[in-house]
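The values are calculated or read from the model by the stated rules, or taken from the named source; none is laboratory data. What you see is a predicted model, and the numbers here were worked out from it, not measured in a lab. Heads up, the Cβs are rebuilt from the backbone with ideal geometry, glycines too, and the neighbour counts pull from every protein chain shown. Protein only, heavy atoms only, side chains kept; ligands, DNA and RNA dropped before computing areas. Shrake-Rupley method; radii C 1.70, N 1.55, O 1.52, S 1.80 Å.
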There are 2 protein chains.
Amino acid sequence: MSNEIPYKIYLEESEIPTSWYNIRSDMKNKPAPLLNPGTGQPLTLEELSPIFCEELCKQELDNDTKYIPIPDEIIDFYKMYRPAPLVRAYFLEKALDTPAKIYYKFEGNNTSGSHKLNSAIAQAYYAKKQGLKGVTTETGAGQWGTALSMACVYFGLDCKVYMVKISYEQKPFRREVMRVYGADVTPSPSDTTNIGRKILEEFPGTTGSLGCAISEAVEVATQNEGYRYVLGSVLNQVLLHQSIIGLESKAAMDKYGIKPDIIIGCAGGGSNLGGLIAPFMGEKLRGEADYDIVAVEPASCPSFTRGKFAYDFCDTGMICPLAKMYTLGSGFIPSANHAGGLRFHGMSTILSQLYHDGYMRAVSAKQTDVFEAAELFARSEGTLPAPESSHAIKAAIDEALKCKETGEEKTILFGLTGTGYFDLKGYQSFNDGEMTDYIPTDEELEKGFASLPQVAE
Amino acid sequence: MSNEIPYKIYLEESEIPTSWYNIRSDMKNKPAPLLNPGTGQPLTLEELSPIFCEELCKQELDNDTKYIPIPDEIIDFYKMYRPAPLVRAYFLEKALDTPAKIYYKFEGNNTSGSHKLNSAIAQAYYAKKQGLKGVTTETGAGQWGTALSMACVYFGLDCKVYMVKISYEQKPFRREVMRVYGADVTPSPSDTTNIGRKILEEFPGTTGSLGCAISEAVEVATQNEGYRYVLGSVLNQVLLHQSIIGLESKAAMDKYGIKPDIIIGCAGGGSNLGGLIAPFMGEKLRGEADYDIVAVEPASCPSFTRGKFAYDFCDTGMICPLAKMYTLGSGFIPSANHAGGLRFHGMSTILSQLYHDGYMRAVSAKQTDVFEAAELFARSEGTLPAPESSHAIKAAIDEALKCKETGEEKTILFGLTGTGYFDLKGYQSFNDGEMTDYIPTDEELEKGFASLPQVAE
């Protein structure tokens with residue numbers, strides 16, 4: 001193994017980026033605006049402000065400012081777990097016997113176990129700065145809820161998390177982590193909200209859904225003085241905060257004169273992918289460089305590769321704004337055997353526009369292939385990856401094996417968004433040979449598309 | 001917050017120590033030798049070799065060599081997760097409002113979640129080098145088993161783990177992590193060994209014990225061609241490998257001209273404490289420097305603070321060699337409500353001798369106080385600590401609060417051995433207010449001491 005480039009490239013703390021990069025500023029075709037589902041008109045700052053913190057609403061609507069300074073208080077917190085290492089995957093390269101050079105940006109070295117903390121701390125900061133008492137959110141598997149809990153306790157904010165009831169019961173450890181960080185975790189549906197009580201009355205035995213949890217979190221945020229709702233993916237503001245992933249990656253690569261040929265990220269709502277590729281995509285948009293940029297999504301929830309580019313609700317409850325995105329329809333629900341995360345039916349509007357305009361490509365992966373890649377990665381690189389991240393691993397391995405065939409020494413960069421320490425049910429099912437693959441039929445997709453709203457653009 | 005010293009001090013990969021430091025070489029009073037329980041005579045290389053790898057036996061018996069070179073293959077693996085950061089606990093200092101300067105060496109940034117990997121990879125390497133097929137071990141909570149699995153898969157060694165049956169059933173996720181790394185995990189007692197079958201026949205409903213799991217692992221190692229038994233704590237060889245913790249800590253501190261006044265480590269079998277303090281204790285033994293060195297143990301399993309310095313069995317099954325150590329007697333079993341790890345009845349013979357000779361002191365902590373410290377740490381420093389590590393946190397906080405009273409600006413170094421991601425039942429019990437404290441009565445301790453063997457020294 002060559003050791004010219006270290007296994008892990010750590011930037012100095014003084015090299016943590018001091019501004020986020022707003023990719024929208026370099027897009028010729030801006031992402032389509034969020035629409036008010038009632039009026040069909042673009043949402044204004046006034047309409048967004050009762051739901052989200054004011055500064056975050058401004059970031060959400062800002063298509064022009066190129067660099068947005070990161071407040072010192074956030075940079076202080078970032079130093080708790082950043083800079084995140086850029087790792088040269090020497091061990092994986094050896095295991096694959098590939099001439100490709102593989103790098104990954106590892107965002108899992110914190111207790112939330114993922115990149116979600118990058119935006120959670122920003123959102124908590126702006127809530128605190130606005131003088132709010134607290135924030136509300138929903139969580140499914142619990143990654144975002146954990147990140148938000150960690151961020152809120154740091155700023156002394158109240159954190160109310162509505163956790164899908166079945167996850168609350170089946171993932172007690174995620175729930176307990178949030179409680180360690182002082183969050184108030186409520187199984188949803190609950191009797192703490194009107195919508196929760198209504199659903200419980202109609203469906204007494206329900207185990208909940210993300211749509212319902214969103215509705216409860218939004219109700220609590222809008223009905224209680226001093227609270228706002230926060231969201232961990234999809235939104236423009238989230239991609240802005242996550243640009244720190246790509247900015248750090250690029251700074252680390254520049255330091256060693258490394259230029260990636262291929263950049264790969266897993267894609268659910270798009271927060272990690274959008275963050276990782278941001279500065280590279282910026283160069284591509286400005287015509288300064290070219291990169292092969294690849295989104296990887298589950299074959300069981302294929303919004304990019306088989307979805308429609310259309311206005312749709314962001315939530316299954318159909319109470320959130322409409323966003324123009326690649327979507328399977330808010331009525332699409334991934335198969336119950338889906339263990340690999342990335343279950344969102346839609347996609348970031350920014351990434352959707354970039355994909356639509358041909359700046360990136362997308363591939364899908366079957367979950368058994370994803371877990372196989374995850375296990376190979378764990379055994380060679382040491383770290384047990386999150387199933388979500390493992391979609392990117394799978395695609396990176398495929399590209400590295402292509403290089404092995406052609407003899408090309410391509411440089412591959414992928415995002416390792418997090419660790420799989422709370423996802424061992426999926427690994428167990430894989431190791432027991434019980435994991436199956438689900439690929440929706442065209443007919444099943446049509447049912448999801450039937451839920452798309454009619455929007456006159 | 002002052003930023004002269006960064007939040008995290010990372011050594012360069014080229015600065016990873018290239019030799020382990022053998023603290024025994026500087027001890028005037030060497031640790032007492034292991035005795036053959038049958039003959040009462042010191043164990044020889046010939047007697048140890050059928051159980052342990054030959055090179056490890058040599059390390060076990062070597063009281064003289066000061067520095068033992070770390071083979072390149074092990075250093076390569078270390079680069080997967082080392083150098084481990086030395087963290088300045090600015091956030092904790094702020095939360096405590098103390099003039100003390102607190103540092104911790106964080107060993108949890110790897111999937112095994114603890115420092116155990118440092119010795120696991122060394123033991124796997126020597127097994128591979130000896131041409132063995134595989135190794136066997138026992139595991140309780142699963143931390144050591146996970147580390148060993150990761151090490152074995154790296155060298156292509158078979159890894160047979162006997163996991164206490166109740167842990168196997170109640171901690172399925174730890175078991176699954178080991179399976180991801182290719183280990184063969186068997187609930188103990190099992191029908192794969194004579195001793196297992198015998199115990200199952202006598203006690204059909206038993207949920208197993210560590211003593212029984214050790215017996216099964218040793219039987220498989222000694223009855224199968226090409227296998228040896230490995231152990232993750234207590235032994236001299238383990239402390240030798242773990243010296244890398246202290247060597248890296250000292251190198252990082254030296255780089256910034258920092259000299260600790262107090263060095264604190266949690267103590268179960270002593271692997272972490274012995275590793276962390278090694279080079280500092282060396283200076284103290286040689287009269288070159290003085291440090292206040294503190295072992296922290298659970299009040300519920302107080303081998304240093306309330307045990308006897310005597311020869312005892314290392315295992316509850318009384319099949320292992322006799323070691324002279326601070327012990328509660330192999331018949332001592334911590335209370336069932338004990339959630340914080342560090343359950344071993346004895347202590348490393350090296351540390352026992354050093355403690356006996358007055359080179360270090362020991363304190364004990366109640367588990368509710370430990371979890372309270374753990375939660376304060378998590379909320380200020382971000383990382384969710386392992387309950388074991390939190391014993392050191394508790395003592396470090398106590399020392400920092402003393403500084404607050406006196407106004408002293410002492411420099412405190414403690415070992416954060418790992419993360420608590422698989423220990424959330426303990427946190428749950430604490431958060432639910434259901435955790436209680438257990439402190440054995442003198443009468444209960446007497447019962448344990450009654451199990452001490454009669455050894456003519």
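Within the stretch A:432-457, the set of residues being surrounded by fewer than 17 Cβ atoms within 10 Å (Cβ to Cβ) and within 30 Å of B:Asp184 (Cβ to Cβ) comprises A:Asp432, A:Gly433, A:Glu434, A:Thr436, A:Asp437.
Only one of A:Gly415, A:Gly426 is in contact with a helix residue (DSSP H, G or I) (Cβ under 7 Å, 6 or more places away or on another chain), more than 14 Å from chain B (Cβ to nearest Cβ) and small (Gly, Ala, Ser). Can you tell me which? Even if it seems obvious, please write down each step before you answer.
Values: A:Gly426 fails: more than 14 Å from chain B (Cβ to nearest Cβ).
The conditions single out A:Gly415.
Could you look through the stretch B:1-29, keep only residues that are aliphatic (A, V, I, L, M) and part of a loop (DSSP other than H, G, I, E, B), and pick out the one that is farthest from the other protein chains (Cβ to nearest Cβ)? Result: B:Met27.
Would you kindly identify the helices (runs of 4 or more DSSP H) lying entirely within the stretch A:51-119 that contain at least 1 residues that are of a type outside the set (Lys, Arg) and under 21 Å from A:Arg379 (Cβ atoms)? Please lay out each step first, then the result.
Numbers: elements: A:54-61, A:72-78, A:90-96.
Counting at least 1 such residues, we get A:90-96.
Among the residues of the stretch B:309-323, at least one is surrounded by fewer than 24 Cβ atoms within 10 Å (Cβ to Cβ), over 20 Å from B:Ser352 (Cα atoms) and not hydrophobic (A, V, I, L, M, F, W, C).
Among the candidates B:Lys410, B:Lys366, B:Lys402, B:Lys394, which residue alone is within 20 Å of B:Tyr7 (Cβ to Cβ) and of a type in the set (Lys, Arg)?
Numbers: B:Lys366 fails: within 20 Å of B:Tyr7 (Cβ to Cβ); B:Lys402 fails: within 20 Å of B:Tyr7 (Cβ to Cβ); B:Lys394 fails: within 20 Å of B:Tyr7 (Cβ to Cβ).
Answer to the check: B:Lys410.
When the stretch B:330-357 is limited to residues that are in a loop (DSSP other than H, G, I, E, B) and among the hydrophobic types (A, V, I, L, M, F, W, C), the one that is least open to solvent (accessible area, probe 1.4 Å) turns out to be B:Met347. Residue check: A:Gly145 meets all listed conditions (1) under 29 Å from A:Leu424 (Cα atoms); (2) surrounded by fewer than 24 Cβ atoms within 10 Å (Cβ to Cβ) but one, namely (2). Residue count for the stretch A:358-384 satisfying the condition of being of a type in the set (S, T, N, Q) and either surrounded by fewer than 19 Cβ atoms within 10 Å (Cβ to Cβ) or within 14 Å of chain B (Cβ to nearest Cβ) (or both): 3.
Take A:Cys314 and decide whether it is assigned by TED's automatic domain parsing to the domain that holds A:Glu434, over 16 Å from the mean Cα position of the chain (by Cα) and within 22 Å of A:Pro33 (Cβ to Cβ). Spelling it out, it is not the case that A:Cys314 is assigned by TED's automatic domain parsing to the domain that holds A:Glu434, over 16 Å from the mean Cα position of the chain (by Cα) and within 22 Å of A:Pro33 (Cβ to Cβ). Residues satisfying the criterion are present in the stretch B:434-452 (criterion: within 14 Å of chain A (Cβ to nearest Cβ), of a type outside the set (A, V, I, L, M, F, W, C) and not in a helix (DSSP H, G or I)).
If I go through the stretch B:161-180 residue by residue, how many of them are over 17 Å from B:Gly113 (Cβ atoms), buried (at least 24 other Cβ atoms within 10 Å of the Cβ) and of a type outside the set (Phe, Trp, Tyr)?
First, pick out the residues of the stretch B:161-180 that are over 17 Å from B:Gly113 (Cβ atoms): B:162, B:164-166, B:168-170.
This time we only want the ones that are buried (at least 24 other Cβ atoms within 10 Å of the Cβ), so: B:162, B:164.
Checking which are of a type outside the set (Phe, Trp, Tyr) leaves us with B:164.
Number satisfying all stated conditions: 1.
Scan the stretch B:250-261 and report the pairs whose first residue is assigned by TED's automatic domain parsing to the domain that holds B:Gly415 and farther than 18 Å from B:Pro17 by Cα and whose second residue is open to solvent by less than 70 Å² (accessible area, probe 1.4 Å) and assigned to a loop (DSSP other than H, G, I, E, B), with Cβ atoms within less than 8 Å and a gap of 6+ or a chain change. Note: pairs meeting the criteria are B:Ile258/B:Ile5; B:Lys259/B:Ala289; B:Pro260/B:Tyr291; B:Asp261/B:Tyr291; B:Asp261/B:Lys410. Restricting the search to helices (runs of 4 or more DSSP H) fully inside the stretch A:172-224 and requiring at least 2 residues that are in the same structural domain as A:Tyr421 (by TED's automatic domain parsing), among the aromatic types (Phe, Trp, Tyr) and at pLDDT below 95 gives an empty result. Here is a list: B:Lys160, B:Lys171. Which entry is of a type in the set (D, E, K, R) and either away from every other protein chain (no Cβ under 14 Å) or at positive phi (or both)? It is B:Lys160. For the stretch B:135-142, the criterion of being within 14 Å of chain A (Cβ to nearest Cβ), assigned to a loop (DSSP other than H, G, I, E, B) and modelled with pLDDT of 95 or more is satisfied by no residue at all.
Take the stretch A:299-319 and flag every residue that is of a type in the set (Asp, Glu) and more than 13 Å from A:Gly448 (Cβ to Cβ). Quick ask: steps written out before the conclusion?
The first filter runs over the stretch A:299-319 and keeps only residues of a type in the set (Asp, Glu), leaving A:312, A:315.
A:Asp315 - this is the single residue of the stretch A:299-319 that is of a type in the set (Asp, Glu) and more than 13 Å from A:Gly448 (Cβ to Cβ).
Residues that are assigned to a helix (DSSP H, G or I), away from chain B (no Cβ under 14 Å), open to solvent by less than 20 Å² (accessible area, probe 1.4 Å) and in contact with a helix residue (DSSP H, G or I) (Cβ under 7 Å, 6 or more places away or on another chain) do not occur anywhere in the stretch A:30-37. Pick from B:Leu86, B:Leu56, B:Leu45: which is open to solvent by less than 10 Å² (accessible area, probe 1.4 Å), on the phi < 0 side of the Ramachandran plot and assigned by TED's automatic domain parsing to the domain that holds B:Tyr125? Just one listed residue meets the conditions, B:Leu56.
Here A:Gln223 fulfils each of the conditions (1) touching a residue at least 60 places away in the same chain (Cβ under 8 Å); (2) open to solvent by 10 Å² or more (accessible area, probe 1.4 Å) apart from (1). In the set (1) touching a His at 6+ places or on another chain (Cβ under 9 Å); (2) touching a residue at least 60 places away in the same chain (Cβ under 8 Å), B:Tyr326 fails one condition alone, (2). Restrict the check to the stretch B:254-265 and report whether at least one residue is within 14 Å of chain A (Cβ to nearest Cβ), more than 21 Å from the chain's Cα centre (by Cα) and assigned to a loop (DSSP other than H, G, I, E, B). Looking for residues that are within 14 Å of chain A (Cβ to nearest Cβ), more than 21 Å from the chain's Cα centre (by Cα) and assigned to a loop (DSSP other than H, G, I, E, B), one finds at least one in the stretch B:254-265, hence yes. Look through the stretch A:403-431, keep the residues that are open to solvent by 70 Å² or more (accessible area, probe 1.4 Å) and free of Cβ contacts under 8 Å to residues at least 24 places away in the same chain, and return whichever of them is nearest to A:Gly257 (Cα to Cα). Only one residue tops the list, namely A:Thr406.
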